[in-house]
Amino acid sequence: MKVVLFCGGLGMRLREYSDQVPKPMVPLGDRPILWHVMKYYAHYGHKEFILALGYRGQAIKEFFLNYQEEVLNDFRIRGGERELYASDIHDWDITFADTGLHSRQGERLRRVRKYLGDDDIFLANYADGLADLDLPKFIENFEKSDAVASLMAVRSWHSYHRLDLDGDRLVGMEPICDSDVWFN
């Protein structure tokens, strides 16, 4: 089952980083968020990725083209040859697809459709969307349903506020975490 990752947004909420790197490449520890998202899917056996690139897609390509596992994994040199004790991307199959600078998710998905092959089901996610979702159970529930698509949504724990406006007049306000607002 292939995994489409949307890597094309402008990263407006992470402007201090996204001026230099695309949002999926913002570091989380010693690797970018995108690597962690891909590692999550690979953990469940989904190792065929289609990266729908847009804003600063070149930086994502360069990361993988220049990826040196020895820098981030334990290894030894024996007889002048490098031996990794662990490898983290050697069995990944990654397609890099330029899907346009200003394309939205639907357009990006249309532009990568040709790389999905004959798969009846595929997974899709934002390239910065980490979760602790029980993926096998999520897929199983989807396959049992008559739905054509499924998504994960969460309630916010942030103290941001949801505003009720009447034109430009504030008529109500409540913390997002106390409201019935769900996010994807």
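The values are calculated or read from the model by the stated rules, or taken from the named source; none is laboratory data. No experiment lies behind these values; they were computed from the predicted model shown. Note that we place each Cβ from the backbone using ideal geometry, even for glycine, and neighbour counts take in every protein chain shown. With ligands, DNA and RNA removed, areas are computed over all heavy atoms of the protein, side chains included. Shrake-Rupley method; radii C 1.70, N 1.55, O 1.52, S 1.80 Å.
About its Cα centre, how strong a charge dipole does the chain have in debye, to the nearest 20, once Lys and Arg get +1 and Asp and Glu get -1 at the Cβ? Before the final figure, lay out the partial values.
Details: 23 positive and 30 negative charges, 99 e Å.
The dipole magnitude comes to about 480 debye.
Packing, taken as the mean count of other beta carbons within 10 Å per residue, orders the peptides 102-113, 139-150, 83-94 from highest to lowest as 102-113, 83-94, 139-150. Each peptide in 49-56, 154-161, 32-39, 121-128 was scored by the mean count of other Cβ atoms within 10 Å over its residues; highest first, the order is 49-56, 32-39, 121-128, 154-161.
The simple Förster model, with R0 at 25 Å and r as the Cβ-Cβ distance, assigns LEU116 and LYS144 a FRET efficiency of 0.70.
For a straight C-alpha distance cut-off of 20 angstrom, the lysines reachable from LYS2 (same-chain residues fewer than eight places away being disregarded) are LYS39, LYS47, LYS61, LYS114, LYS137, LYS144.
Set the Cα radius of gyration of the chain against 2.2 N^0.38 Å, with N its number of residues, and you get 1.22. Per-residue extension of 0.36 nm, minus the Cα-Cα distance of GLN58 and GLU81, leaves a gain of 5.2 nm for this segment.
Could you work out what % of the accessible surface of the chain is carbon and sulfur, using a 1.4 angstrom probe and leaving DNA, RNA and ligands out of the count? Could the numbers behind the result be given before it?
Working: 6060 of 12110 Å².
For the chain, the apolar C and S fraction of the accessible surface comes to 50 percent.
Taking every protein chain into account, the 1.4 Å probe leaves MET152 with about 70 Å² of accessible area, to the nearest ten.
How much FRET efficiency would the formula 1/(1 + (r/R0)^6) give for TRP157 and GLU107, where r is the Cβ-Cβ distance and R0 is 30 Å, rounded to 0.05? Working shown, then result.
Numbers: r = 32 Å, r/R0 = 1.06.
According to the calculation, E is roughly 0.40.
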